[in-house]
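The values are calculated or read from the model by the stated rules, or taken from the named source; none is laboratory data. Bear in mind that the values here come from a model prediction, so they are computed numbers and not experimental data. Virtual Cβ from ideal backbone geometry, glycine too; neighbours counted across all protein chains shown.
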Amino acid sequence: MTHRPQDDTPDWLRPARAEFARLQPDAAQDAALLARLTQLQQSRHARQTHADDLAEPHWLRRLAWGAGGLGATAAALLCALLLDPPGTAGSAHAATTAAGSGFIPLVPEAEFRAALKADRGAAVWLQPAELPRERLALLGLPFDAARADELVRAELMLNPSGQVLAVRILN
């Protein structure tokens, strides 16, 4: 005695169910389709394996990318050293900035220090300003190119003649 599951399909869906059952392929068609798909997959895998054997080895491609990355890094480091060798004004700017007030000198270090040490008659002035964000790149600071048109609040340090000695970014 075989146990048949109870059919709980509503009456209005029975014609559709019968039509789908009639359209369903039989076991022979299923087996033929499965055999053909398996054959296609095996032939595709064999062709790809053969093509991979003919192509250059993967390790060679990885070696080339690694060597390219190393060369680019070395070139960037060399450019940085050539543009701002250790012991020049650029490295002194970084030391001055890190040492205290947050101002980034825009003039030679000796002139900047002389302006800070001047007596009260020749004191420096602080002027609030708004600078285009793209100016951050000129100061050697990182900036987002997508926001280059926005303004950045800053303070400018001026000597009495109006020369800009340094800038401090506020936001």
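Worth pointing out:
- The set of residues in the range 128-171 being more than 17 Å from residue 105 (Cβ to Cβ), under 25 Å from the mean Cα position of the chain (by Cα) and part of a loop (DSSP other than H, G, I, E, B) consists of 133, 134, 142, 143, 144, 148, 149, 150, 171.
- Some residue of the range 127-139 being surrounded by 14 or more Cβ atoms within 10 Å (Cβ to Cβ) and in contact with a Lys or Arg (Cβ under 6 Å, 6 or more places away or on another chain): yes
- For residue 76, the criteria (1) on the phi > 0 side of the Ramachandran plot; (2) at pLDDT 80 or above hold in every case but one, which is (1).
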